[in-house]
Amino acid sequence: MHRLPRRSVSAILRHGGARHRTTAAPISCASTHLCSVGETDAKVKWHSALASGKFNPCKPTAQFASKNGLCFGNRFESTAAASDASAEPPAERFEYQAEVNRLMDLIVNSLYSNKEVFLRELISNASDALDKLRFLSVTEPDLLKGGGDLDIRIQTDKDNGIIHIIDSGIGMTRQELVDCLGTIAQSGTAKFSKLLKDSKDAGGDNNLIGQFGVGFYSAFLVADRVVVSTKSPKSDKQYVWQGEANASSYTIQEETDPEKLIPRGTRLSLYLKRDDKGFAVPERIQKLVKNYSQFVSFPIYTWQEKGYTKEVEVDEDPAESKKDGENEKTEVQKKKTKTVVEKYWDWELANETQPIWLRNPKEVTTEDYNEFYKKTFNEYLDPLASSHFTTEGEVEFRSILYVPAVAPRGKDDIVNSKTKNISLYVKRVFISDDFDGELFPRYLSFVKGVVDSNDLPLNVSREILQESRIVRIMRKRLVRKAFDMILGISMSEDRADYEKFFENFGKHLKLGCIEDRENHKRIAPLLRFFSSQSEDVMISLDEYLENMKPEQKGIYYIASDSVESASNTPFLEKLLEKNLEVLYLVDPIDEVAIQNLESYKDKKFLDISKEDLDLGDKNEEKEKEIKQEYGQTCDWIKKRLGDKVASVQISNRLSSSPCVLVSGKFGWSANMERLMKAQTVGDTSSLEFMRGRRVFEINPEHPIIQNLNAASKINPDDEDAIRAIDLLYDTALVSSGFTPENPAQLGGKIYEMMGLALSGKWSTPVAEVQQPGPQHHNPETLEAEVQHPGTPHHNTKILEAEVVEPVEAGTQK
């Protein structure tokens, strides 16, 4: 192996950097090629790690050893990293570019879903300008001189389609116009807020609203042209900014018209589009202010048409004047007048309702809460309860919640989650009331209230509440406060208060048992049901537990369509004898709600209409004897009924009824089967599957069952006994709450049994009234004798009977 001398390697490292990409590792020869000194480079293949340099392989240099006119071509290998020549080239930095027209189009047409929010955004900007002035005036009182009161005024020109929004806030200098209005998405308010936070003299939270820097451009939702005339107390000049909706540039000039000069603040003029001139109607502006900005901390005045009544003289009719002239000598006539309405224009305060949730709850009276509730939610009745609270910590917000006095009617019912009962505000500016379960679950949609926070995660348009951890925390706390408020009503000394509440909103709470498993412990104590011991007044589950027997294992219930039908069901017989209380679930949603609860305070809910009911009084020896006695009868009945029932068993729940049909443990009850059949969009294919097994239970102490027991042993094929089994099953279907498959056939069986039972009970049989001889009485004669015994009949009637009535076979002639 040939090695380069140390001296040659050093020379390469010193001088070959520019010509050859050198390495610092030892270089060895992996393979050799022989060539003549005079041969060119093209005839020799070189493999070298010295990548970029060009070598003459046969040129005698210090880097290569040559001998006898021959040179040795070597393949060089390297394992070291490249030097500075192999470093990455420097990266160039570029700024993002934006097409202004396209960006403005996105802001105007894609950012906001509702055009009317433009007024909310512009009023919020005006409020921020007033807030900035108020903050700065603490250290610079001269800023407030000569500018008038801190307020916002909105004036409209309906005929020309112009809206003017004037505030007496901080105004803007020429440079601020360029920075704030000329730079999209640069928020002057956000910049001011940052300065306040950085300042040691900020002294607490501010109420500034803006944060994104695009609210001003919402003006182009409805306006073709926007003119901003502004005067800052820090500048001696007033400037006018003008921009158009489809333009990529704007103009700024100094205001020179003395009539348009303002002492301080900003006047924003919107020249509305042709299709949006309806926004210039004063009444609509008033409505929008009340909807979106009625709780802004500064007064908002709108220019409204008003009127007052006065009496004016009326010109008399000439004919009447002539007639009156005749009587002029007798009495002096009074001049005729009429009442007219004199119209005039004046400023009207639009946001007179104050945000009472910002006040200390100890300072707010019940009358204040009720008045705020009626004005905010357009109600005429006082609420049943209210809750005013402030949440601090990870999430800070203030809220007032109300429970209405009556349930909503019409579209705002239990199945509508978008009831618009919760109004969300951010820094007192209305954001939305259109939520789909973000702040309140559907079953609490009847709760009305206001939620105000300073740090909610909103999108840029401030219309959508983004799903986040903060929202989930807010929802949890609002739901907890709502339950505390409802619990307070239930603990009221006046029981009628909660009865009224449950009558209106009980279904909502039961829906919560189905939809909100996490809050079962809060919902269950608020439920109320009728029971076998309280058929007139609903009781709570806690009251039921107080009345439970020591040996009772669970909470018994029966589902039916009314209290009357539940109280007469055969399932209750044994429980009533034992004085065990049973809940009556008479509301269609009750059974599903209870099944979702499963238990209450470690006591399971037990349906007394299902199989394997344990009443805690089992006597195994007695049960064994009864099964031996009636085992054959059960098999006989099961053989007759076939697949209609899963089995026939001895009942432990009957005392006066001969039999009952109970549902399987995991199938639908009779009440649930009835409800599912009545569903408009129900799936009939699942009825057979969910109906499950039915168990036919017989009462061995009933005379009918005892007779059938004897028949099964003596003559199991007797037709009367078989018909009795069929009729027992059909009757058990009805008495147990099921619907018979063939009502007409059941009616025929009942009529047949009635005919057998009533045969000859009130009427005398024909054979008993016959006399020896050929004479026979017809049914009319017999009926007359039965109705009027001892009354003589005319012979003609008898003779007619002899001729008409045929002689029965086997009688004497």
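Here, each number is a calculation from the coordinates, and none is a lab measurement. All of these numbers come straight from a predicted model, not from anything done at the bench. A quick note on method: Cβ atoms are made from the backbone with ideal geometry, for glycine too, and the neighbour counts reach across all protein chains shown.
Quick notes on this one:
- Rounded, prolate or oblate (a/c below 1.5 giving rounded, otherwise prolate when a/b exceeds b/c) for the range 542-607 by Cα gyration tensor: oblate
- With a simple spin-label model that places each label point 7 Å from the Cα along the Cα-to-Cβ direction, the separation between Lys578 and Asp236 comes to 10.1 nm.
- Sorted into 5 angstrom bins from 0, the C-alpha pair distances of the range 525-569 split as 5, 19, 31, 25, 17, 4, 0 percent.
- Once the C-beta distance of Gln175 and Leu358 is scaled by a Förster radius of 51 Å, the resulting FRET efficiency is 0.90 to the nearest 0.05.
- Other residues within the sphere of radius under 13 Å centred on the Cβ of Asn351, judged by their own Cβ, net out at +3 (K and R +1, D and E -1).
- FRET efficiency for Asn707 and Lys603, using Cβ-Cβ distance with R0 set to 41 Å, rounded to 0.05: 0.50
- Applying 1/(1 + (r/R0)^6) with r as the Cβ-Cβ distance of Ala646 and Glu543 and R0 = 60 angstrom yields a FRET efficiency of 0.95.
- Extension gain from Asp726 to Leu756, taking 0.36 nm per residue of separation minus the Cα-Cα distance: 9.2 nm
- In terms of distances greater than 21 angstrom between alpha carbons, the cross-link table entries Lys287/Lys374; Lys507/Lys578; Lys158/Lys287; Lys132/Lys375; Lys448/Lys481 yield Lys507/Lys578; Lys132/Lys375.
- Other residues whose C-beta falls under 15 angstrom from the C-beta of Asn699 contribute a net charge of -2, scoring Lys and Arg +1 and Asp and Glu -1.
- In loop segments of the range 613-671 as defined by DSSP, the chymotrypsin sites (Phe, Trp or Tyr not before Pro) with at most 11 further C-beta atoms inside 10 Å of their C-beta are Phe666.
- Calculated from backbone phi, Karplus (6.51, -1.76, 1.60) coupling profile of the range 371-376 in Hz, x at Gly/Pro: 5, 4, 4, 5, 6, 6
- Value in Å of the Kirkwood radius, where the range 574-684 supplies the Cα pairs that are averaged: 16.6
- Distance cut-off 24 Å, percentage of C-alpha pairs in the range 460-577 lying past it: 43
- Contact order for the range 443-578, expressed relative to its length and based on alpha carbon pairs under 8 Å spaced 6+ residues apart, stands at 15 percent.
- A simple count of charges around Ala711, restricted to other residues whose Cβ falls under 10 Å of its Cβ and scoring Lys, Arg +1 and Asp, Glu -1, yields -2.
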